[in-house]
Each structure stands twice: as structure tokens, then as C-alpha cells.
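These notes are about the structure you will find just below.
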Amino acid sequence: MKNISERDKKHLWHPLTQHKLHPESLAVTRAKGAVLYDENDKTYIDGIASWYTCVYGHCNDFIIQKAYEQMQRLDHVVFSGFTHEPAVALSEALMDILPDNQEKLFFSDNGSTASDVAIKMALQYHFNRGNKRNVLVAFEEGFHGDTFGAMSVSGLSVYNGPFEDFFLSVERIPVPDGENNREVADKLRSIVEKGTVAGFIYEPLVQGAAAMKMHDAEGLNALIGICKEHDVVTIADEVMTGFGKTGKYFASEYMRHKPDIMSMSKALTAGMLPMAVTSCTQEIYDAFYSDDISKGLFHGHTYSANPVACSVALAGITLLRSEEMQAHIQRVTEAHRRFDEEIKHHPKVASTRQLGVIYALDLRVKMERYGNLRDKLFRFFMGNGVFLRPLGNTIYILAPYVVTDEQLQQIYNVIGRALDEVL
Ligand SMILES: *Cc1c(COP(=O)(O)O)cnc(C)c1O
């Protein structure tokens, strides 16, 4: 029998992959805590929590136990016309940690669909009130997913060529960086004053796919305020930033103005199962509440609010709120701060940034997003047992909160060595 990586090549088509240039996929056979094991039993510290999902550690025993108990009780049931304890309990637990203005939850299956649901809510909110608006505002370099609505509002991808003719109508503004706050606010005001803007979608404070680009909370707060003045629905895409990564449960807590709609996925289910939630205010919900059936939100997925996924999410929130997990978040945040003191003056480091457990450094070299030097760095990290995924000239760390001090030190050491040996 051939090994897994060889068998993979026959039938599998991987995401975000040009198979002719990158034919190899690493077979991972198991994972625990912050460590991945490949089919030759080589270990890798998961420095990006498998795309920011497994924040409480891979194969967490408490989450496994809760999933197992739920699997024995109720696997799945239609969520139109039916409900169940895990969904209700999850809604109550989420309300405890979401900003106070959030009142209603809508389920879908991943971050992209959570964005699409948010966009549909914003468009139909105006439509239902007899005031059709068809423009969305989004940040340059934002990322909201790969389905059509989400792709339309994403500002990043140079790979969207075949689809651009079919995109929603979107106006883009730069992120507020503290220096340009007034300009960006003026630009947004001039766009929303036309009265055609339905919603503004943004990743609050940290743009994950733009390589952990960070922006200014005061500046963003002002933008949300302008939207509120013009009845523009604000949508915080917290798919990446949610569940403790920024040092608060949600990045939206850093702003005084709260979003009308929030989307979450990734760490919502702690890497165990795919699920997403789009939450909204009572006011948004009320625009759909009617004797007229067609004013409802006619969107649904077969696996909406899957009971096992809900139980897993509920277990994740229990962990997040525990003293133990909060102490881990604090510990990792402080470790990154100390590492930053060491590394930021390195001649090959152009700049660094941090919010909570999210840490990024920009290299003083020009690199393509998926270019050769980037590949070389990636191979160096993996060769040394650390899974980091540089983006352009940015190296970032977003390890599981439970990563040990020793594992963190290994991540820092391999980054330090890469600066000296690879660049
Ligand atoms: C990952 C991500 C998405 C898309 O989520 P998928 O589950 O990959 O569809 C959307 N928004 C943000 C901010 C993300 O980081």
C-alpha cells in the first residue's frame, strides 16, 4: 500500500492550491494540544492553530466528551420547525459573551456562508422596509470568504478574475491607521450620503488574510458611527478575531459603537466540526418579522444548527470562560510581548504588531504572497518542526492558547534562525 500522501494525488483536489506547482500534501495522522503528527511520526507545533480554529488545543478531551455524549442522544434533526437543547443552550451561552446589543442568532456552516447570511440580512433589511439599497462598503484587502457574496466584498484576491463580472456592487475604503482617520471617515461619508449603501462589512481591528494587518480602534469606531447616522447596517466579520484571540471575547468590544450584525466561525467550534453563526440586533430581526411570509429570511442549510456541532461550540465557550484558559491567553500574550522586545530591532525586521495572542512581523524584503522565498521560509519552518504559514513578507503566530512555554520558545527560535539563515 502506498503512503497517504501518494494515494492523495490520485483523486483529491485541494483548496487554494495550484496542483501543477504544488503537488505535495503532507499527511497528518493525529494531533494533540498544539502538536500535529505526520505519517512518519514527525511532529510540528501548530503555530497558526490550523487556521485559527483549534484554540483550546487539538483533540481537547472535554470537547470530545461533550461531542460523544451528544452523539449518543441526538445526531441531527431539521432546524426549520424543530429545535433542540444544544442550539438553545448555545444561544444562551453566546448571548453571555457577545456585545449587549446582539439578540438573535442564525446558523450556517462556515465563515463564508456566515458572511453571505450577514450580507443578505443587510440587503433584505432595507428591502423589507421599502427602501431598496444595493451597494455594500468594505475595506481594501478585507477577506470575508469564497462564496459569491463573501468573495464580492473581499478586497484581496488576485485570483478572482473569472468571477468579477458577477460580483455585488461594492465600494472600498482604506482601513483607518490612526493617521488617515479623518480622510477615511470623509470618504465613507461621501459614499453613504448617496443613500444607496445597505451595509458596511469589516474585519474588526485585524485583517487575517491580509497577513494580520491591524488598524485603529478609534478610527473604526468613527466609521461605525457614520454608518449608524445613515442607517447603514454594520457587519463585524469576527470569523477570525472571535473567541478570545484579541484579548477580549470579540474584537468589537474595543469599539464603543457596536455592530448590527456579527459573523463567527473558525474557533466557534474549536476545530472539531464546521459550523457558523450570524448574530444580529432585535432591530434587524424585527424588519423580517411580519404577517407577510415573503419578508422572512429564506436562507437555510441542511446542517443548520447541527446538535453535535452546537454541543462542541458550547463546550468551547465553557473552556474559553474558564480561569485556566484566560490565564493561558494572558501568558501567551505576555510571551509574545517579550519576544517582540527581542526581535523588533533585528535588521531584517521592518515592523511588528500584536493584539492579544495575535503576533506578526514584517520582513524587510519584497516577497510575493505565494512566491519562492515564501516557500523557502515555509519549508524551513516545517523542516524544523514548526507549522507557520508566512503570507507575503509577513510571518505571524496565532498558536492554540494551550501552547506550552517550551513550544512557544521553539516557535520564536525557529523564526529567529530563519531571519539569519534563510533571508
Ligand atoms: C476564514 C475567514 C472567512 C471564511 O471562512 P470559511 O470558513 O473559510 O469559509 C471569512 N471571514 C474571515 C475574517 C475569515 O478569517
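Using the average count of surrounding beta-carbon atoms within 10 Å as a protection proxy, the listed peptides 412-420, 335-343, 24-32 rank, highest first, as 412-420, 335-343, 24-32.
Think of it as helices only: each DSSP H run of n ≥ 4 in the chain is worth -39500 (n - 2.57), and spread over all residues that comes to -11500 deg cm²/dmol at 222 nm. Using a cutoff of 8 angstrom between alpha carbon atoms and counting only pairs six or more residues apart, the relative contact order for the range 157-272 works out to 23 percent.
Take Asp216, Asp292, Asp96 and sort them by solvent-accessible surface of the protein heavy atoms, 1.4 Å probe, largest at the top. Show your work: numbers first, answer last.
Values: Asp216 45, Asp292 70, Asp96 105 Å².
Sorted descending by solvent-accessible area, the residues read Asp96, Asp292, Asp216.
Taken about its Cα centre, the chain carries a charge dipole of about 900 debye when Lys and Arg each add +1 at the Cβ and Asp and Glu each add -1 at the Cβ. If the elastic network links every pair of Cα atoms under 10 Å, which of His346, His257, His19 fluctuates the most in the Gaussian network model of the chain? Highest fluctuation of the listed residues: His19. Each part gets one Cα centre, and for the range 133-207 versus the range 347-389 those centres are 27 Å apart. Connecting C-alpha atoms closer than 10 Å in a GNM of the chain, tell me which of Asp146, Asp291, Asp109 has the biggest fluctuation. In this elastic network of the chain, the residue with the biggest mean-square fluctuation among Asp146, Asp291, Asp109 is Asp291.
To the nearest ten degrees, helix 217-229 and the longest principal axis of the Cα atoms of the chain are 20 degrees apart. Contact order normalised by length for the chain, with contacts defined as Cα pairs under 8 Å and 6 or more residues apart; what percent is it? The normalised contact order for the chain reaches 22 percent. Peptides 372-384, 233-245, 399-411, ordered by how many other C-beta atoms sit within 10 Å of their residues on average, highest first, read 233-245, 399-411, 372-384. Residues in the range 54-210 average 47 Å² of solvent-accessible surface per residue, probe 1.4 Å, ligands and nucleic acids excluded. How large a share of the accessible area of the range 210-345, in percent, is made up of carbon and sulfur atoms when the probe is 1.4 Å and the other protein chains stay in place? The nonpolar share, carbon plus sulfur, comes to 50 percent.
Need one number: % antiparallel among DSSP beta bridges in the chain, to the nearest 5. Intermediate values should be presented prior to the final figure.
On the way: 30 of 48 bridges.
Antiparallel: roughly 60 percent of the beta bridges in the chain.
Near Ser311, once Lys and Arg are set to +1 and Asp and Glu to -1 for all other residues with Cβ below 12 Å from its Cβ, the sum equals -1. For the range 326-339, the Karplus equation 6.51 cos²θ - 1.76 cosθ + 1.60, evaluated at θ = phi - 60°, returns couplings of 4, 5, 4, 4, 4, 4, 5, 4, 5, 4, 4, 4, 5, 4 Hz by residue, with Gly and Pro reported as x. Restriction of the chymotrypsin sites (Phe, Trp or Tyr not before Pro) in the range 255-306 to DSSP coil positions whose beta-carbon has at most 13 other beta-carbons within 10 angstrom yields Tyr289, Phe298. Which residue, Val175, Ala222, Val312, has the largest displacement toward the positive end of the dipole of the chain when charges sit on each Cβ (Lys, Arg +1; Asp, Glu -1)? Sorting the options by dipole projection puts first Val175. Distant-in-sequence amide contacts of Glu141, defined by a placed amide H-H separation under 5 Å and a gap of 5 or more residues or a different chain, comprise Gly155, Leu156. Relative to the longest principal axis of the Cα atoms of the chain, helix 405-421 runs at roughly 70 degrees.
Remark: relative contact order (the range 1-157) = 11 percent; criterion is Cα-Cα distance under 8 angstrom and separation of 6 or more residues.
Computed over protein heavy atoms with a 1.4 Å probe, the accessible surface of the range 247-338 works out to 45 Å² per residue. For the range 1-57, the list of chymotrypsin sites (Phe, Trp or Tyr not before Pro) that fall in a loop by DSSP and count at most 13 other C-beta atoms within 10 angstrom reads Trp13.
Which trypsin sites (Lys or Arg not before Pro) in the range 187-217 sit in a loop by DSSP (not H, G, I, E or B) and have at most 11 other Cβ atoms within 10 Å of their own Cβ?
Working: sites: Lys187, Arg189, Lys194, Lys213; in loops: Lys194.
Counting only loop positions with at most 11 other Cβ atoms within 10 Å, the trypsin sites (Lys or Arg not before Pro) in the range 187-217 are Lys194.
The values are calculated or read from the model by the stated rules, or taken from the named source; none is laboratory data. Predicted model only: the values in this text are computed from it and were never measured. Every residue, glycine as well, gets a Cβ built from its backbone with ideal geometry; the counts of neighbours run over all protein chains shown. Note: accessible area is taken over every heavy atom of the protein model, side chains too, but ligands, DNA and RNA are not part of it. Shrake-Rupley method; radii C 1.70, N 1.55, O 1.52, S 1.80 Å.
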